[in-house]
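Trainee: Mind looking over this structure? Questions follow.
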Amino acid sequence: MNNCSVAVQYFLDDPASVPFLLGLAGENGNELESLIFGICCLLLGICILNNDGSVAQYTKETLIELIIARIGIERFCDTLSSVTQSDFYSKALQRPQPIAEVPEHLLLDHSFVKLFKSLEDTVVHVVSHLDEIKKEEETKAAIEAHDAIVDQYKTLIREQDEKLNQATSKCQELESELNSTKSQLISKEAQVQQLKDQYNLLKLTSAAPSNDDNGESTTTQQIETLINEKYVCEAELASKSQMIKDLQDEVNQLKNKQSEASFDSANDALMAEKVAMQNNLTQALEKISIHEKTISNHELENKELSQKCKQLEDKISDFENTCANYSTKIKEVVDDNTSIKKEQDDLFVLLSDQEIKIKEYKVKLREHGEEVSSDEDDDFDDEEDDEGEDSNDDEEEHDQVENPPSENAITEKMNSVQLDDVQPGST
């Protein structure tokens, strides 16, 4: 039945089909029954989508009003969506080839599930927007009425064009006959004038009674005949002129009727266009109001976001100031470490010089025959050991000074301390 208005028409012609579907769609049941009820709702939706209005009892608006009155839009949508929540639906959607352990699991196939998925949203939208359907049907009816009126005027104009063409062709024929009659009349007038001249010439030339009475009488008869023919031609010319005038009047009347008909058709077309434009204007105003509400909501959201951004910027500036203070302190610590390192280097140089001098003095004492006691040696050794331990400690300190903590490590430590200080205040 999908995409087939003829099948929908034959289905709706059965008076028991729609009440049966409405009765099933409004009931409650288990999972299998809910699936059947949802399919009934889909069938009603297909009858709405592919309805061409040929069944006056069940048009689109009538079916939607029946669904609203007998079932309700919310319940109709819930019953329709219950099909998609079924396990049969999900299994059939995932598997193009049907696989089932028992025959009951083959209730739905993949092609039907795809059809249901493609039509569900459309059916819900159509049933939920009855006002739009009514507006569309009113617009469609207005367009059809306008098209019917235009077809009537087109037929009338076509008939008038045919009559006008016939009258024009007849007028042209009469004009050609009139021209030929005028040419004949001119020739006849010329002949009459010639005969009159000949007659006058004969009268002048005959001073005495002439024996040629027969010739004169013949000439007079010819003149009279030509004069009679002239009168007949003039009468025909007048009648044909009157016929041409009548035809011209008829042609003018037909032209006036045609112009009036075209004006009426144009007026009807303008009225239909006006109605369509008013409908479009109403829809545009509704859309504009919706857009204005959306814009106001966005403006409020933007205002809130700008306030939050300002607060974050204030926190960032405070954080940058704190970082600058800690950077200054780190620089001072690094400078102190550098000065301490320099002092320790100087001390190490002095200690090394003193050790060298002690060794030189010991060598000189032995060279001069002075004895150095073992206690002095032990003391000297102890002093050397102490000096060695001190030197080790000094070396460790020297290593610490030579390899102070890196500036990045100090910065990370200071940032962690700062975050610990900032978090309680922010919360």
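The values are calculated or read from the model by the stated rules, or taken from the named source; none is laboratory data. Small disclaimer: the values here were computed from a predicted structure and weren't measured. Methodologically, a virtual Cβ is constructed for each residue, glycine included, from the backbone with ideal geometry; neighbour enumeration extends over all protein chains shown. Quick note on the areas: whole protein, heavy atoms, side chains included, nothing else; ligands and nucleic acids left out. Shrake-Rupley method; radii C 1.70, N 1.55, O 1.52, S 1.80 Å.
Trainee: Is there a quick way to get the dipole size of region 293-364? I mean about its Cα centre, with the Cβ of Lys and Arg at +1 and of Asp and Glu at -1; what is the value in debye to the nearest 20?
Mentor: That gives region 293-364 a dipole magnitude of about 240 debye.
Trainee: Something else now. What order do you get for 292-305, 244-257 when each peptide is scored by the mean count of other beta carbon atoms within 10 Å, highest first?
Mentor: 244-257, 292-305
Trainee: Going by a ≥ b ≥ c, the root eigenvalues of the Cα gyration tensor, does region 1-143 fall in the rounded group (a/c under 1.5), the prolate group (a/b larger than b/c) or the oblate group?
Mentor: It is prolate, given that a/c is not under 1.5 and a/b is the larger ratio.
Trainee: Further question on the same structure: Past 23 Å, Cα to Cα: identify those pairs from Lys117/Lys293; Lys182/Lys245; Lys114/Lys135; Lys60/Lys135, in the order given.
Mentor: Beyond 23 Å: Lys117/Lys293; Lys114/Lys135.
Trainee: Quick one: accessible area per residue over region 43-192, 1.4 Å probe, rounded to a whole number of Å²?
Mentor: Each residue of region 43-192 exposes 61 Å² on average to a 1.4 Å probe.
Trainee: Let me know the volume per residue of the alpha-carbon convex hull for region 273-312, in Å³.
Mentor: Measuring per residue, one finds 36 Å³ for the Cα hull of region 273-312.
Trainee: Calculate I(q)/I(0) for region 131-184 by the Debye formula, one identical point scatterer on each C-alpha and no solvent, and give its log10 at q = 0.14 Å⁻¹ to two decimals.
Mentor: After summing over all Cα pairs, the log10 values are -0.60.
Trainee: Something else now. What part of the accessible area of region 268-364, given as a whole %, is carbon or sulfur when the probe is 1.4 angstrom?
Mentor: 59
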